[in-house]
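Visitor: Just dropping this structure here.
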């Protein structure tokens with residue numbers, strides 16, 4: 001989302017909590033090899049399809065050398081299925097399936113927001129947002145609105161899927177221009193208005209964000225007011241220490257991990273209070289569909305990535321699932337449970353050679 005993140009993103013990723021490598025792995029993953037240096041895989045809502053694309057991050061600010069595509073693979077056998085999406089001119093920086101799985105929305109570094117029909121693989125709608133560097137998108141639960149996070153400071157655009165109209169913009173409000181200008185010269189102050197993650201709460205009335213300084217806030221969408229539930233640490237800013245927000249299936253709470261204190265938190269969205277639920281975890285994680293288990297990645301001393309799995313209420317009894325040969329990349333590497341909770345899809349590792357790998361593990 002922000003151009004200058006790339007200069008220190010690997011340092012941040014490698015600065016995650018270290019653990020000892022597992023002595024024995026419990027499962028061997030299936031491997032999907034693709035011709036992408038940094039493959040991102042997005043799982044369809046029904047768990048049948050993987051949409052795989054080359055992440056824009058790896059290419060810095062360079063234009064694509066060859067026309068970019070989004071390829072589809074069946075999760076069952078990891079074989080290509082149907083035509084790839086093509087015809088766009090800039091790398092994909094973010095993607096999201098609609099809740100019914102019939103559409104795929106993509107955002108690109110040049111500001112294009114595209115809506116694709118998954119069945120026909122045809123472009124349905126094409127919109128443009130005037131703010132560049134967007135890489136975070138999410139559908140509302142009813143599929144009628146797409147939320148796009150873009151810009152510096154970050155604006156969150158609520159886009160009507162059928163018309164392309166921006167129906168709402170959430171952003172920090174400054175009382176004076178002088179206050180806004182101060183964020184241009186003070187990078188630490190600006191970190192309070194640059195966001196690492198966001199999540200829409202079920203019901204569509206509230207919105208969650210985490211910023212570059214580690215603060216987590218609950219927004220009221222109707223009024224734009226914000227309430228802090230996880231405070232910034234003044235002496236440790238610009239660490240992007242809370243990089244992922246996962247709302248529980250009941251919509252009542254949000255789970256997040258703080259890299260600085262090494263603790264996993266659960267916050268009640270209604271009361272806006274948080275509690276520590278464990279001293280294990282990582283900033284690349286996912287909750288199982290039933291909300292009872294958590295899977296996460298942690299960097300080992302030799303810069304590999306250990307996948308761990310635990311019951312949410314007994315984090316200290318985590319199981320080492322698999323040791324990946326490459327380190328985590330900030331906000332690119334991702335872990336996702338399948339809808340039945342029986343498999344994990346892991347992607348977003350830098351390729352060791354010409355081919356990147358998407359991993360599917362049975363747990």
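Visitor: Given the criteria at negative phi and either part of a strand (DSSP E or B) or at pLDDT 95 or above (or both), does residue 228 qualify? Walk me through how you get there before you give the answer.
Guide: Values: at negative phi: yes; either part of a strand (DSSP E or B) or at pLDDT 95 or above (or both): yes.
It is true that residue 228 is at negative phi and either part of a strand (DSSP E or B) or at pLDDT 95 or above (or both).
Visitor: From the list 264, 312, 307, pick out the single residue that is modelled with pLDDT of 95 or more and either over 19 Å from residue 329 (Cα atoms) or within 16 Å of the chain's Cα centre (by Cα) (or both). Write out each step before concluding.
Guide: Values: 312 fails: modelled with pLDDT of 95 or more; 307 fails: either over 19 Å from residue 329 (Cα atoms) or within 16 Å of the chain's Cα centre (by Cα) (or both).
Matching residue, one of 264, 312, 307: 264.
Visitor: In addition: Taking the condition of being crowded, with 20+ Cβ neighbours inside 10 Å and under 13 Å from residue 47 (Cα atoms), how many residues in segment 339-363 meet it?
Guide: 3
Visitor: Of everything in segment 48-75, what is farther than 18 Å from residue 135 by Cα and within 18 Å of the chain's Cα centre (by Cα)? Give them in sequence order. Working first, answer last.
Guide: Taking segment 48-75 as the starting set, the residues that turn out to be farther than 18 Å from residue 135 by Cα are 48-50, 65-67, 71-75.
Scanning segment 48-75 gives a single hit, 50.
Visitor: Now a separate question. Is it true that some residue in segment 154-164 is surrounded by 19 or more Cβ atoms within 10 Å (Cβ to Cβ), at pLDDT below 90 and touching a strand residue (DSSP E or B) at 6+ places or on another chain (Cβ under 6 Å)?
Guide: Of the residues in segment 154-164, the ones surrounded by 19 or more Cβ atoms within 10 Å (Cβ to Cβ) are 154-159, 161.
Pick out the ones that are also at pLDDT below 90 and you get 154-155.
Now narrow it down to the ones that are touching a strand residue (DSSP E or B) at 6+ places or on another chain (Cβ under 6 Å): 154-155.
Yes, the conditions are met somewhere in segment 154-164.
Visitor: Looking at this structure, is residue 269 more than 23 Å from residue 338 (Cβ to Cβ), surrounded by 15 or more Cβ atoms within 10 Å (Cβ to Cβ) and free of Cβ contacts under 8 Å to residues at least 40 places away in the same chain? If you could, list the steps in order and put the result at the bottom.
Guide: Numbers: more than 23 Å from residue 338 (Cβ to Cβ): yes; surrounded by 15 or more Cβ atoms within 10 Å (Cβ to Cβ): yes; free of Cβ contacts under 8 Å to residues at least 40 places away in the same chain: no.
No, not satisfied.
Visitor: A further question follows. Only one of (1) surrounded by fewer than 21 Cβ atoms within 10 Å (Cβ to Cβ); (2) under 17 Å from the mean Cα position of the chain (by Cα); (3) in contact (Cβ under 8 Å) with a residue 60 or more places away in the chain is not met by residue 328, so which one is it?
Guide: (1)
Visitor: So, in segment 36-53, of the ones that are in contact with a strand residue (DSSP E or B) (Cβ under 7 Å, 6 or more places away or on another chain), assigned to a loop (DSSP other than H, G, I, E, B) and modelled with pLDDT of 95 or more, which residue ends up nearest to residue 78 (Cα to Cα)? Steps first, please.
Guide: Start the filter on segment 36-53 by keeping residues that are in contact with a strand residue (DSSP E or B) (Cβ under 7 Å, 6 or more places away or on another chain), which leaves 36-45, 48-53.
Of the ones still in play, those that are also assigned to a loop (DSSP other than H, G, I, E, B) are 36-38, 44-45, 48.
Remaining after also requiring modelled with pLDDT of 95 or more: 44-45, 48.
Working: 44: 14, 45: 17, 48: 10 Å.
Looking at residues that are in contact with a strand residue (DSSP E or B) (Cβ under 7 Å, 6 or more places away or on another chain), assigned to a loop (DSSP other than H, G, I, E, B) and modelled with pLDDT of 95 or more, I get 48.
Visitor: Also, I was wondering about something else. Looking only at segment 176-225, filter to residues that are modelled with pLDDT under 90 and within 22 Å of residue 274 (Cβ to Cβ); which one of those is surrounded by the most Cβ atoms within 10 Å (Cβ to Cβ)?
Guide: Taking segment 176-225 and keeping what is modelled with pLDDT under 90, we get 177-196, 202-204.
Right, trim to within 22 Å of residue 274 (Cβ to Cβ) and you get 191-196, 202-203.
Details: 191: 23, 192: 20, 193: 20, 194: 23, 195: 25, 196: 28, 202: 15, 203: 11.
Among those residues, the one meeting the criterion is 196.
Visitor: Quick one: is residue 190 on the phi < 0 side of the Ramachandran plot, in contact with a helix residue (DSSP H, G or I) (Cβ under 8 Å, 6 or more places away or on another chain) and in a helix (DSSP H, G or I)?
Guide: It is true that residue 190 is on the phi < 0 side of the Ramachandran plot, in contact with a helix residue (DSSP H, G or I) (Cβ under 8 Å, 6 or more places away or on another chain) and in a helix (DSSP H, G or I).
Visitor: Same structure again: Given (1) within 23 Å of residue 39 (Cβ to Cβ); (2) modelled with pLDDT of 95 or more; (3) buried (at least 21 other Cβ atoms within 10 Å of the Cβ), identify the lone condition not met by residue 294.
Guide: Evaluating residue 294 over (1) within 23 Å of residue 39 (Cβ to Cβ); (2) modelled with pLDDT of 95 or more; (3) buried (at least 21 other Cβ atoms within 10 Å of the Cβ) leaves (1) as the failure.
A quick yes/no check of all residues on (1) touching a residue at least 24 places away in the same chain (Cβ under 8 Å); (2) on the phi > 0 side of the Ramachandran plot; (3) under 20 Å from the mean Cα position of the chain (by Cα):
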position	(1), (2), (3)
86	no, no, no
95	yes, no, yes
98	yes, no, yes
101	yes, yes, yes
121	yes, yes, no
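Visitor: Does segment 241-256 contain any residue that is at pLDDT 95 or above, closer than 17 Å to residue 210 by Cα and touching a helix residue (DSSP H, G or I) at 6+ places or on another chain (Cβ under 7 Å)?
Guide: No, segment 241-256 contains no residue that is at pLDDT 95 or above, closer than 17 Å to residue 210 by Cα and touching a helix residue (DSSP H, G or I) at 6+ places or on another chain (Cβ under 7 Å).
Visitor: Of the residues 101, 151, which single one is farther than 20 Å from residue 41 by Cα and touching a strand residue (DSSP E or B) at 6+ places or on another chain (Cβ under 9 Å)?
Guide: Details: 101 fails: farther than 20 Å from residue 41 by Cα.
Testing whether each residue is farther than 20 Å from residue 41 by Cα and touching a strand residue (DSSP E or B) at 6+ places or on another chain (Cβ under 9 Å) leaves just 151.
Visitor: Restricted to segment 76-87, and to residues that are touching a strand residue (DSSP E or B) at 6+ places or on another chain (Cβ under 6 Å) and part of a loop (DSSP other than H, G, I, E, B), which residue is nearest to residue 33 (Cα to Cα)?
Guide: 78
Visitor: All but one of (1) touching a helix residue (DSSP H, G or I) at 6+ places or on another chain (Cβ under 7 Å); (2) at pLDDT 95 or above hold for residue 361, so report the exception by its number.
Guide: Only one criterion is unmet by residue 361, namely (1).
The values are calculated or read from the model by the stated rules, or taken from the named source; none is laboratory data. What you see is a predicted model; the values in this text were computed from it and never measured. Please note: Cβ atoms are built from the backbone with ideal geometry, for glycine as well, and neighbour counts cover all protein chains shown.
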